[in-house]
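So the structure is just underneath, and the comments pick up after that.
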Amino acid sequence: MDRLLDYSINHPLLAGGLVLMTLVVLGYEMRLRGATSSAIGPNEAVRLMNERAVLVDLRSSNQFKDGQITGAKNIPGDQIGADPKSVEKLASKTVVLYCDDGATTAAAQRTLTAAGIKNIFSLRGGLAAWKQENLPVARG
């Protein structure tokens, strides 16, 4: 322990850099953990659907027509904040967001949270994970 203290005294920039990097990594990990705490798998999404959760497909209209989870509502991710009326309808409901692979749901989740919606979940892995579990996909 004394050697570590001597090293820190003799090399303050390196010791400070170590402390700074440790704080950055801890902050990143905590942020990442907080972002994925509301991510659910396909089986949990089915359970929420059975409890009348609203599924929101964040993909484009063309992708939605090519295949979607049965009962999903299409609100493209880039338009999620543009239509306040569609967001207001979701305020009192449990919402499950999904896209192709689960990568774009975080931004929509932040937008909906800022709009006052509380029960928001994202489908971990998106439609790809849904298909991998051999769950039904509707066309049209």
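The values are calculated or read from the model by the stated rules, or taken from the named source; none is laboratory data. The structure displayed is predicted, hence computed values, not measured ones. So basically every Cβ, Gly included, is an ideal-geometry build from the backbone, and we count neighbours across all protein chains shown. Accessible surface is based on the protein model in full, side chains and every heavy atom, while ligands, DNA and RNA are left aside. Shrake-Rupley method; radii C 1.70, N 1.55, O 1.52, S 1.80 Å.
Does region 31-45 contain at least one residue that is open to solvent by 70 Å² or more (accessible area, probe 1.4 Å), in contact (Cβ under 8 Å) with a residue 40 or more places away in the chain, of a type in the set (Lys, Arg) and more than 14 Å from residue 109 (Cα to Cα)?
Within region 31-45 (the criterion being open to solvent by 70 Å² or more (accessible area, probe 1.4 Å), in contact (Cβ under 8 Å) with a residue 40 or more places away in the chain, of a type in the set (Lys, Arg) and more than 14 Å from residue 109 (Cα to Cα)), the answer is no, since none of the residues qualifies.
So which helices (runs of 4 or more DSSP H) are wholly in region 1-120 and hold at least 1 residues that are at pLDDT 90 or above and not β-branched (Val, Ile, Thr)?
2-10, 12-36, 42-50, 61-66
With the requirement that a residue be in contact with a strand residue (DSSP E or B) (Cβ under 7 Å, 6 or more places away or on another chain) and among the charged types (D, E, K, R), what does region 40-54 give you?
Correct list: empty.
Starting from region 81-101, keep only residues that are without any contact (Cβ under 8 Å) to a residue 24 or more places away in the chain and exposed (fewer than 13 other Cβ atoms within 10 Å of the Cβ), then list their pairs with residues that are in a loop (DSSP other than H, G, I, E, B) and among the charged types (D, E, K, R) whose Cβ atoms are within a distance under 6 Å, requiring at least 6 positions of separation or different chains.
Sorted first by the residue in region 81-101, then by its partner, the list stays empty.
Does region 109-124 contain any residue that is farther than 29 Å from residue 31 by Cβ, open to solvent by less than 60 Å² (accessible area, probe 1.4 Å) and not charged (D, E, K, R)?
No; the residues of region 109-124 include none that is farther than 29 Å from residue 31 by Cβ, open to solvent by less than 60 Å² (accessible area, probe 1.4 Å) and not charged (D, E, K, R).
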